[in-house]
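Below is one structure, written out as structure tokens; the observations come after it.
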Amino acid sequence: MTYRKCWSCQAEISELFCSNCRRIQPVDRNVDYFSFLGLLRTYAIDREALDRKFYELSRQLHPDFFANASAQELVYSTENASLLNDAYRTLKDNRRRARYLLELQGVKLTEKLPPDLLEDVFELNEQLELLRQKQLHPEEVSQIKQTKQKLLERLQKLESELSETFARSEVASETERFSILAKAAEILAQMKYLDNLINTIEDAEL
């Protein structure tokens, strides 16, 4: 966290609570989710450490503990608790954490998809439309289910590739890092697309 002045006693602080007067501090608008939770900025996050820090801060920041405090402290408690929940929801989810890391690095998300995936999607959408209209034979429905399994396998491979790509970016030089993260953005776009396809298949099968 960055150093700033306590709103109450003007002591220099770098924590959520002033070490001098122990009053809760307002949300630091410059802090990122990793720093707020005291974690390394990495895709391969320590989930146990994340959970532990979340519950530790939840106990400290919950507005119920500030029922007898000043109105200002109650506001700061509520704002910090909201930030904590947002940070936890983002960092515990692989896709959200990946998107957030890219945003922190200034890498724009992309809609770029490989040609072979687009070809498969076109054919699959035609099959799904026929499935909705109850115009497919059982063996054709079985084929769609096989396609779903292939998509799940492809998604699993992409998840591993995404993790490896972020790991490479963390040890790369400054000049190499951006292109590696751009690759991560492309992988993430494919994963999002596959998620939507799999959900569409599941909805059509119901």
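The values are calculated or read from the model by the stated rules, or taken from the named source; none is laboratory data. If you're wondering where the values come from, they're calculated on a predicted model, not measured in any experiment. Note that each Cβ is placed from the backbone with ideal geometry, even for glycine, and that neighbours are counted across all protein chains shown. Each accessible area value is taken on the protein alone, full model and side chains, heavy atoms only, with ligands, DNA and RNA left out. Shrake-Rupley method; radii C 1.70, N 1.55, O 1.52, S 1.80 Å.
To the nearest 500 deg cm²/dmol, what mean residue ellipticity at 222 nm is calculated for the chain from DSSP H runs of n ≥ 4 alone, each contributing -39,500 (n - 2.57), summed and divided by the residues? Please report the intermediate quantities before stating the final value.
Working: 7 runs with 136 residues, N = 206.
When only DSSP H runs of four or more count, the value is -22500 deg cm²/dmol.
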Report summary line: Of the range 138-180, those with amide N under 19 Å from the point 7 Å along the Cα→Cβ vector of E123 are 138-155
Requested in this report: Please determine, in degrees from 0 to 90 and to the nearest 10, the orientation of helix 115-132 with respect to the longest principal axis defined by the Cα atoms of the chain, where the helix direction is its Cα long axis.
Outcome: 70 degrees
**Report entry** Cα gyration tensor category, rounded, prolate or oblate, for the range 88-159 with a/c compared to 1.5
**Finding:** prolate
Report summary line: Check: in the chain the Lys pairs 8 or more apart or on separate chains whose Cα atoms fall under 19 Å apart number 16
Query raised in the report: With every protein chain left in place, what is the accessible area of K157 in Å² (1.4 Å probe, nearest 10)?
Result: 150 Å²
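Could you give the accessible area per residue of the chain, probe 1.4 Å, as a whole number in Å²?
Values: 12560 Å² over 206 residues.
Roughly 61 Å² per residue, with all protein chains present.
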Query raised in the report: Where the centroid of each part is defined by its Cα atoms, how far is the range 46-112 from the range 148-182 in Å?
Result: 25 Å
Report summary line: Taking I45, I24 and ranking on accessible area (1.4 Å, protein atoms only), highest first, one gets I45, I24
**Report entry** Cα-only radius of gyration and Dmax that characterise the range 65-206, units Å
**Finding:** 21.1, 69
